[in-house]
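Report on one structure; see the data block that follows.
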Amino acid sequence: DGGITQSPKYLFRKEGQNVTLSCEQNLNHDAMYWYRQDPGQGLRLIYYSQIVNDFQKGDIAEGYSVSREKKESFPLTVTSAQKNPTAFYLCASSIDRGRAYNEQFFGPGTRLTVL
Amino acid sequence: GEDVEQSLFLSVREGDSSVINCTYTDSSSTYLYWYKQEPGAGLQLLTYIFSNMDMKQDQRLTVLLNKKDTHLSRRIADTQTGDSAIYFCAESIRRDSSYKLIFGSGTRLLVRP
C-alpha cells in the first residue's frame, strides 16, 4: 500500500533537547511538507521540499531544521531554540508543486509534548 | 493577501444537513479543497472543485463555489455521527513558478445523536 508514515505517534521531550520526527513516503512524490497544528489555528507551514537536496522555509521555520537526502524521507528536527514546541506535527507530500492540482497526502501525525 | 477564513465550530443534530462555509481571498485560485480530519489523525481529502465550476455533488456531499464572492461551502445531507470531525478548506494559489496550498483554521463539526 502506498502512503505516508510518521513516527513516533507520541513523543515527549525535556526542555533544552533536540528531537527528530520521522516522515517517510512511498508514493514517489517529489514535494514534501511539514506543518504544525495548534488548536484553533489550522495548519502552519514549517518547511517544504520540492526535490531531493533542496528545501525552503515556510511561514514558521524558526527553531526547526530539515533535510532531504532521499526522495522518500523528510525528517524534521525540533531544536531547543523553538520556544513553544508542544504541538501536533503533520507531514504531507504531493506529486510536485508545479501543477495547479496539487493534492497533498498527509501522514497520521506526531504529537510532541515538552515536559 | 493569503488568508482563508472559516468559522471554528458547528453543531447539528443527526439527520440534519450541515453546511460549512469558507471565504478565501485570492480570486486567482485554481483549485479549492475540502479536507477532513478525525481526532488524532492526519487530513484526508474529502473533495476538490476547479475554479471554473459552480457546484460539485457526490452522494451526500455538495460543494458550492461562488468565485465572484470568493466563497466556498460544503453541505452534507443527512449528517451522521461519523461525520463529526474538523473540516479544512484550502485554496491552491500560484506563487512564482509553483503552487502552494493555503489552509483555513478548520471548522469542528459536532453531530449530536
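Here is how the numbers come out for the structure above:
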quantity: Neighbour net charge for residue B:85 - beta-carbon separation under 9 angstrom, K R +1, D E -1; calculated: 0
quantity: Using distinct alpha-carbon pairs, which all enter the 1/r mean, Kirkwood radius of the stretch B:7-66 in Å; calculated: 13.4
quantity: For residue A:114, residues with placed amide H under 5 Å, excluding near neighbours; calculated: A:13, A:86
quantity: The stretch B:22-96, Rg to Rh (Cα coordinates; Rh as Kirkwood inverse mean 1/r); calculated: 0.98
quantity: Cα-based convex hull volume of the protein assembly as shown per residue, rounded to whole Å³; calculated: 127
quantity: Candidates per chymotrypsin sites (Phe, Trp or Tyr not before Pro) in the stretch A:77-115, loop by DSSP, up to 15 other Cβ within 10 Å; calculated: A:101
quantity: Dipole moment magnitude, nearest 20 debye, chain B about Cα centre, only Lys, Arg, Asp, Glu C-beta charged; calculated: 100
quantity: Burial ordering of B:58, B:3, B:26, fewest other beta-carbon atoms within 10 Å first; calculated: B:58, B:3, B:26
quantity: Proximal lysines to residue A:57, defined as alpha-carbon separation beneath 16 angstrom and excluding residues fewer than eight positions away on the same chain; calculated: B:100
quantity: For chain A, share of DSSP beta bridges that run antiparallel, in % to the nearest 5; calculated: 90
quantity: Student exercise, chain A dipole from Lys, Arg, Asp, Glu Cβ charges, in Debye to nearest 20; calculated: 300
quantity: Fewest-first sequence of B:91, B:14, A:103 by Cβ atoms within 10 Å of each Cβ; calculated: B:14, A:103, B:91
quantity: Value of D in µm² per second that Stokes-Einstein yields for chain A, Kirkwood Rh from Cα pairs, at 25 °C (0.890 mPa s); calculated: 174
quantity: Local net charge near residue B:108, Cβ-Cβ under 12 Å (Lys/Arg +1, Asp/Glu -1); calculated: -1
quantity: Chain A: relative contact order in percent, alpha carbon pairs under 8 Å with at least 6 residues between; calculated: 35
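No lab work stands behind these numbers, since they all come straight from the coordinates. What you see is a predicted model, and the numbers here were worked out from it, not measured in a lab. Every residue, glycine as well, gets a Cβ built from its backbone with ideal geometry; the counts of neighbours run over all protein chains shown.
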